[in-house]
1. Return a whole-number percent for the relative contact order of the chain, with Cα pairs under 8 Å and 6 or more residues apart as the contact set.
2. Sorted by packing (mean other beta-carbon atoms within 10 Å per residue), highest first, where do 81-91, 318-328 land?
3. Full-extension gain between THR247 and VAL344, please, as 0.36 nm times their residue separation minus the C-alpha to C-alpha distance.
4. Would you please give the FRET efficiency between LEU284 and SER386, computed as 1/(1 + (r/R0)^6) with r the Cβ-Cβ distance and R0 = 51 Å, to the nearest 0.05?
5. Considering only segment 371-475, what is the antiparallel percent among its DSSP beta bridges, to the nearest 5?
6. May I ask you to work out the translational diffusion coefficient for segment 6-360 at 37 °C, viscosity 0.692 mPa s, via Stokes-Einstein with Rh from the Kirkwood sum over Cα pairs, reported in whole µm²/s?
7. Excluding VAL157 itself, what net charge comes from residues whose Cβ is under 14 Å from its Cβ, given Lys and Arg +1 and Asp and Glu -1?
8. Ranking request for peptides 191-198, 292-299, 273-280: highest mean number of other beta-carbon atoms within 10 Å first, then the rest in descending order.
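Every read-out reported here was derived from the displayed coordinates using simple, explicitly stated rules and does not represent laboratory data. Computed from a prediction, not measured in an experiment: that's the story for all the values here. Note that each Cβ is placed from the backbone with ideal geometry, even for glycine, and that neighbours are counted across all protein chains shown.
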Amino acid sequence: MSSLSKDEGLSIKRAALILSIAYGSVLFASAAFQHYLFGTQVWDIGLFEQFSWLIGEGQVFTVSSLRNIAPLQDHFSLLLLPIGFIYKLLPSTYTLIGLQSIALGSLPAVASHLAVSRRVKTTLIWALICAIVLSPYSFLVNRGDFHPDVLTVPLMVVAIFEATKGRKFRYYFCLLITLFAKNAQALFGIGLCLYCFARGKYARGLITFVVSLFWWFLATHFSSAGGDHVAIRLGYLGGTKTEMLTTLLSRPWIVFSVASPSDILLYTLGLLLPFLALLRKPALACLLGAAPVYFTNIISGSGIHRELNHHYSVVILAFLIAGCIDSLPLISVKARRVQKNLLVITLIFSLAAFLGYSRIMYYQTRYLPRLSEARAFQSVVSDIDSRESVLTTASYAVHLAGREHISQIEKNSYEQYWPFDVVIFPSENALINVGGKLKVVKKTEIGIQMNQILKEAELLEMNCSQPNDYIRLCRRG
């Protein structure tokens, strides 16, 4: 079989770049629309917006009113520093959504560029692009949330690709930027170390392991105020790291007390299915590299680690894409008919995964019913200055997080900041998301709490009114 020509390589790169722009636009539009319709929550996109605002205002060491810790004490994410600068220039939640959409949207272009350098045939590159674009995880992880580590997915793919190359700068640059996303990214470094070992790059693997371990201890030390996340997620295994390991080795079946086999299977299938037909024996090194994060997720006591709409699996996504890139040269020597069949199979698998996992119907059941409320809310919040302190609900707080003092009544204590300059709640007849279901505010416990707070605000002689059918607002005179 002839190798990929230069013209063919340039053509596929250009097509992939155009597709990446379109894909990123779709990701942004779907996530932005969900955010507009109150489909996002304070934890975590609201937290990162307040962190970004504080950093942009030069208040790196100021305690967040939503999290009760300073920005860098939450996982010690050094990437928040440049993100805060960008947010300062474009202060909006949509800026964070846009950055994340660009990062995920670039994956088809990045993957095609790397695949072309491996002389992979055009048909197989399109198969990989289909798998990436139709992966439900890429779509879901961008919707309704933001995390700095998601921004580094393209760099993870490049780092894995560069692990076996002679050049060093690009590899270590990508590795360090990826680690700087958060302390737990050390698991990516350890996975990359295993990948290097599997590919015979022992010196590079050892250096990667040392750097990752050093980063873990350093970042964990500086983020200790944010809590011991290992104990939170794996506390059911024991009180110390030694007890956890002992329990896991002696009674591995205890994992099924927090994660059923069916849950683990569905989680694994949702991640793997789009890429399954393109993985071959050379991908085993990448699967080994994904193992530290994968096994951490399936033994976690928190179910969100096994949900495709959370960021805990971004490392796995990067290794799956890299595994396909490693596998495709082997498939490129096959007959053209085989390659076309793989494209069709990948398209079918990817569509099945997307339709089965992407939660498209949430727009109809959870988001669109609040369209009128969203319009009414936006007409009111335009008059709230970023210097004013705000008390509100979780679904509103994420739209107002760009300020020093904001509190939500659901999860954090607001008494220390009381009274606020602004109190804004949905009206009694508006809808609110309770446990994934929309309920009328006056029929919920949180609705009763809102009424009590509004009475306190009136006693403090705040100016309270209902400017439209959906919003109740109190302001200091």
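1. Details: 749 pairs, mean separation 91.5, N = 477.
Worked out over the chain, it gives 19 percent.
2. Working: 81-91: 16.3, 318-328: 26.9.
Packing order, densest peptide first, comes out as 318-328, 81-91.
3. Details: separation 97, 0.36 × 97 = 34.92 nm, distance 4.48 nm.
That works out to 30.4 nm of additional length.
4. It comes out at approximately 0.50.
5. The antiparallel fraction comes to roughly 70 percent.
6. On the way: Rh = 20.9 Å.
For the chosen part, D equals 157 µm²/s.
7. Working: positive: ARG118, LYS165, ARG170; negative: ASP149, GLU162, ASP326.
My count for the surroundings of VAL157 gives 0.
8. Numbers: 191-198: 23.8, 292-299: 19.9, 273-280: 22.1.
Result, highest mean first: 191-198, 273-280, 292-299.
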